[in-house]
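S.K.: Before anything else, here's the structure in question.
The values are calculated or read from the model by the stated rules, or taken from the named source; none is laboratory data. Predicted model, so just to flag it, every value in this text is computed and none were measured. Glycine gets a Cβ as well: all are built from the backbone with ideal geometry, and neighbour counts include every protein chain shown. Surface areas here come from the heavy atoms of the whole protein model, side chains and all, with no ligands, DNA or RNA. Shrake-Rupley method; radii C 1.70, N 1.55, O 1.52, S 1.80 Å.
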Amino acid sequence: MPSRTDSERSRTHLVKVLGVRAEVHVSGSRDEKIATFARWQRGRVSRRQLREAGLGRGVIARAVARGALFPLPGDVFAVGHAGAVELGDETAALLACPEGAALSHGSAAKLWDISPADDGLIHVVVPQGAKTRADGFRVHRARCLAPQDIRVRKGLPVTSPARTLLDQADELTPRRLELSFDQALVGRITRPGDVAELLARTRGHRGAGRLRALLERANTTATLPDPRPKSCFSTSSAGPVCPHHGSMRGWPATRWTSSGPSTR
C-alpha cells in the first residue's frame with residue numbers, strides 16, 4: 001500500500017503563477033514543488049501558493065528551519081537564499097497581493113523604459129475592494145481595471161503603457177509627463193489609438209485631462225502638411241530631368257524620405 005508521502009508526490013496540483021495565464025502543474029517532492037515556483041518567480045513564492053501545492057504548515061515551518069525558505073514580508077518566502085535578485089522585490093510585492101495585482105505607476109514606467117525619474121518605491125495596483133497589507137511597497141486601488149490594462153513584461157504583470165501614462169498623469173510634472181508620453185510614442189511602446197481608447201472609458205480618472213491634451217497635440221502634429229519641398233526631379237527615358245537644368249543623365253536620382261533627401 002503506497003504511503004501518504006508517495007501519494008502526495010504523485011499528485012499534481014494546479015497553481016496560479018505570476019505572469020502565466022494558465023495554472024501551472026506542480027508535483028513531486030516538497031523540494032521539487034518549491035523549486036518549480038522558484039524557476040517561475042525569481043526565487044520567490046507565497047505561502048498561499050505553497051499551501052495550494054499541498055505543503056502544510058508543518059512542512060513550510062521545517063523548510064524555514066533548515067534554510068530552504070527565508071521569510072519575507074507579506075507571507076512571502078525567498079527560496080534558497082535571501083540575497084537580492086533582479087526584480088525580486090517587485091515579485092515579492094506582487095505575491096503579497098491578491099490575484100489581479102500588477103506593477104503600476106513608477107514601477108510600470110521603469111519596466112516599460114518610459115520613466116523620466118524613479119522615486120525608489122514599488123507601486124502595485126489592485127482592484128477596488130481587494131484586501132492587502134503594504135509591507136515595503138505602495139498600493140493603489142483602481143475602480144476600473146480592464147483586462148486590456150494589464151500586460152506581462154519580464155514575467156511580471158504590469159499595467160499597459162497607456163494605463164501607466166494615465167496613472168502618472170496627475171503625479172508627474174507637465175514636462176516629465178510630456179517626456180514619458182513622447183518616449184512611449186517614439187519607442188512604439190504604445191500608440192495614440194491605445195491612449196484614446198483608454199481615455200474613452202476612464203473619463204473620471206484623475207489626470208485624464210492632461211493626458212488628453214498631449215494626445216490632441218500628437219494628433220494635430222500628425223495631420224499637419226509636410227513643409228518640406230518636393231524634389232524638382234522627374235524621370236524620362238534619358239534619365240532624371242530637372243525643369244531648370246534639363247537632362248541630368250549620370251546624376252544620382254534624388255528622393256525624399258522621412259529624414260530628408262537621399263540618393264540612390
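S.K.: Looking at Ala208, Ala200, Ala196, can you tell me which residue is of a type in the set (Gly, Ala, Ser) and open to solvent by less than 10 Å² (accessible area, probe 1.4 Å)?
M.R.: On the way: Ala200 fails: open to solvent by less than 10 Å² (accessible area, probe 1.4 Å); Ala196 fails: open to solvent by less than 10 Å² (accessible area, probe 1.4 Å).
Result: Ala208 is the single residue among Ala208, Ala200, Ala196 that is of a type in the set (Gly, Ala, Ser) and open to solvent by less than 10 Å² (accessible area, probe 1.4 Å).
S.K.: Filter the stretch 10-44 down to residues that are of a type in the set (Gly, Ala, Ser) and either under 17 Å from Gly100 (Cβ atoms) or out of contact with any helix residue (DSSP H, G or I) (no Cβ under 9 Å at 6 or more places or on another chain) (or both) and give me whichever is modelled with the lowest pLDDT.
M.R.: Of the stretch 10-44, the ones of a type in the set (Gly, Ala, Ser) are 10, 19, 22, 27-29, 35, 38, 43.
Then keep just the ones that are either under 17 Å from Gly100 (Cβ atoms) or out of contact with any helix residue (DSSP H, G or I) (no Cβ under 9 Å at 6 or more places or on another chain) (or both); that gives 10, 19, 22, 35, 38.
On the way: Ser10: 65, Gly19: 91, Ala22: 89, Ala35: 95, Ala38: 95.
Only one residue fits best here, namely Ser10.
S.K.: Next question. Please specify each residue of the stretch 76-119 satisfying the condition of being over 21 Å from Glu178 (Cα atoms) and touching a residue at least 60 places away in the same chain (Cβ under 8 Å).
M.R.: Our first condition is that a residue be over 21 Å from Glu178 (Cα atoms); within the stretch 76-119, this holds for 76-103.
Answer for the stretch 76-119, where residues must be over 21 Å from Glu178 (Cα atoms) and touching a residue at least 60 places away in the same chain (Cβ under 8 Å): Leu87, Glu90, Thr91, Leu94, Leu95, Glu99.
S.K.: Within the stretch 80-100, which residues are touching a Pro at 6+ places or on another chain (Cβ under 8 Å), closer than 13 Å to Ile122 by Cβ and outside any helix (DSSP H, G or I)?
M.R.: Result: Ala96, single match.
S.K.: Applying the selection to the stretch 10-25, what residues are among the polar types (S, T, N, Q) and either in contact with a Ser or Thr (Cβ under 6 Å, 6 or more places away or on another chain) or not in a helix (DSSP H, G or I) (or both)? Quick ask: steps written out before the conclusion?
M.R.: First, pick out the residues of the stretch 10-25 that are among the polar types (S, T, N, Q): 10, 12.
Selection gives Thr12 alone.
S.K.: Give the stretch 80-100 a look and list any residue that's surrounded by 20 or more Cβ atoms within 10 Å (Cβ to Cβ) and either more than 17 Å from the chain's Cα centre (by Cα) or modelled with pLDDT under 95 (or both), or say none.
M.R.: Ala96, Cys97
S.K.: Take the residues in the stretch 131-152 that are among the basic types (Lys, Arg) and farther than 15 Å from Thr164 by Cβ; name whichever of them is modelled with the highest pLDDT.
M.R.: Quick first cut of the stretch 131-152, residues among the basic types (Lys, Arg) only: 131, 133, 138, 141, 143, 151.
Among the residues that remain, those that are also farther than 15 Å from Thr164 by Cβ are: 131, 133, 141, 143.
Working: Lys131: 75, Arg133: 72, Arg141: 89, Arg143: 82.
That would be Arg141.
S.K.: Next question, about the same structure. Answer yes if at least one residue in the stretch 63-73 is among the charged types (D, E, K, R) and closer than 16 Å to Leu18 by Cα, and no otherwise. Lay out the reasoning, then the answer.
M.R.: Our first condition is that a residue be among the charged types (D, E, K, R); within the stretch 63-73, this holds for 66.
Retained after the next criterion (residues that are closer than 16 Å to Leu18 by Cα): none.
No.
S.K.: Can you tell me which residues in the stretch 153-177 are part of a loop (DSSP other than H, G, I, E, B), within 19 Å of Arg141 (Cβ to Cβ) and open to solvent by 10 Å² or more (accessible area, probe 1.4 Å)? Give the steps one after another, and end with the answer.
M.R.: Of the stretch 153-177, the ones part of a loop (DSSP other than H, G, I, E, B) are 154-155, 160, 169-173.
Pick out the ones that are also within 19 Å of Arg141 (Cβ to Cβ) and you get 160, 169-171.
Matches in the stretch 153-177: Asp170, Glu171.
S.K.: Restricting the first residue to the stretch 197-215 and requiring it to be under 19 Å from Leu185 (Cβ atoms), which pairs with a second residue that is among the β-branched types (Val, Ile, Thr) meet a Cβ separation below 9 Å and a spacing of at least six or different chains?
M.R.: Ala208/Thr202; Leu211/Val195; Arg212/Val195; Leu214/Val195; Leu215/Val195
S.K.: Can you find a residue in the stretch 127-146 that is of a type in the set (Lys, Arg), open to solvent by 10 Å² or more (accessible area, probe 1.4 Å), out of contact with any Leu (no Cβ under 9 Å at 6 or more places or on another chain) and outside any loop (DSSP other than H, G, I, E, B)? Show your work before the answer.
M.R.: First, the residues of the stretch 127-146 that are of a type in the set (Lys, Arg): 131, 133, 138, 141, 143.
Checking which are open to solvent by 10 Å² or more (accessible area, probe 1.4 Å) leaves us with 131, 133, 138, 141, 143.
Applying the additional criterion that residues be out of contact with any Leu (no Cβ under 9 Å at 6 or more places or on another chain) yields 131, 133, 141, 143.
Narrowing further to those that are outside any loop (DSSP other than H, G, I, E, B): 141.
Checked the stretch 127-146: at least one residue is of a type in the set (Lys, Arg), open to solvent by 10 Å² or more (accessible area, probe 1.4 Å), out of contact with any Leu (no Cβ under 9 Å at 6 or more places or on another chain) and outside any loop (DSSP other than H, G, I, E, B).
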